[in-house]
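Just below is one structure, and these are the notes that go with it.
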Amino acid sequence: MPQCVPAPQLGGPCSPAHLTQFSTSFHKPPVPLHSAPRLADYTEPFRRHANMTDKKPVSVLFVCLGNICRSTMAEGVFRSLTQHPPHPSIAKVDSCGTGAYHVGSLPDSRTLSTLNAHGITDYTHRARKFAYPDDFHTFDYIFAMDKENLEDLEELRERREKELKRQGKEAEASHMGKVMLFGAFAGEGRRSKQDEVVRDPYYGGNDGFEKAYVQVKRFSENFLKHLEE
């Protein structure tokens, strides 16, 4: 004889209330996409590194008048930022002067003491004069510390460009190093929209060398960011 199966009780596991709760659990709103990590968040560091290594490393030359104060300060700071560890975008770094006043001399003692005070203790250099025309073909960026030296370098570059064009070497002329103020990389926070100059601290006190250090460090960091873009 068939057995009677008891009817389900309200509130049991098969009740409409439980079925409703069970069915709605599969229809929760999806997690917003913006709250989840994007693939780009993980790949960005690798992409930037790949871009840096794909680019040809550049050579950089810093230029002032005598090559014992400002340009050596810039070279010392820039080397400290790019050599430990080696920066993939930098091939060569050097400094020189537009004049021959101190050829063969060590950097000014106040330059060295300022660098030492900021932990840069391994910088060495002997002053030299700008090598015409070789430096235009050795360095990709030739940074002048002030407008007077910039004008001298621009005049020399124009002369060299004319020489090459007279010889029918237009391609070589087009690949000469860029001449510009290092202060072109002063950054957006500067007071003036004009490029900054690094004033010669030679006839002043230690504060002038400290100011030069602060400037060239800021310029160096901004220039490296530019290369990494």
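Laboratory data are not the source of any read-out in this text; all were calculated from the coordinates shown. None of these values were measured; they are calculated from a predicted model. Note: ideal-geometry Cβ built from the backbone for every residue, glycine included; neighbour counts use all protein chains shown.
From the C-alpha gyration tensor of segment 56-228, pull out the three semi-axes of the equivalent ellipsoid (sqrt of 5λ each), sorted largest to smallest, in whole Å.
Gyration-tensor ellipsoid for segment 56-228: 26, 18, 16 Å.
Read phi for every residue in segment 167-175 and hand back ³J(HN,Hα) as whole Hz from Karplus 6.51 cos²θ - 1.76 cosθ + 1.60, θ = phi - 60°, with x for Gly and Pro.
3J(HN,Hα) across segment 167-175, in whole Hz: 8, x, 10, 4, 5, 5, 5, 6, 9.
Under 5 Å between amide hydrogens, which residues at least 5 positions from VAL58 or on another chain qualify, with H placed 1.01 Å from N in the peptide plane?
ILE90, ALA91
Using θ = phi - 60° and the Karplus form 6.51 cos²θ - 1.76 cosθ + 1.60, what ³J(HN,Hα) does each residue of segment 195-212 get, whole Hz, x for Gly and Pro?
Values per residue, Gly and Pro as x: 5, 6, 10, 9, 6, 5, x, 4, 8, x, x, 5, 5, x, 6, 5, 4, 4 Hz.
Sequence gap of 8 or more, or different chains, plus Cα separation below 18 Å: how many lysine pairs satisfy both in segment 131-229?
Lysine pairs satisfying the spacing and distance rule in segment 131-229 number 8.
Counting DSSP beta bridges with both partners in segment 46-204, what percentage is antiparallel, nearest 5?
Roughly 10 percent of the beta bridges in segment 46-204 run antiparallel, per DSSP.
Can you work out the FRET efficiency for the pair HIS118 and LYS56, with r the C-beta to C-beta distance and R0 = 22 Å, to the nearest 0.05?
Using R0 = 22 Å, I get an efficiency of 0.10.
Using 0.36 nm per residue of separation minus the Cα-Cα distance, give me the extension gain between ARG159 and ASP134 in nm, one decimal. Show your work: numbers first, answer last.
Working: separation 25, 0.36 × 25 = 9.00 nm, distance 1.30 nm.
Answer, rounded to one decimal: 7.7 nm.
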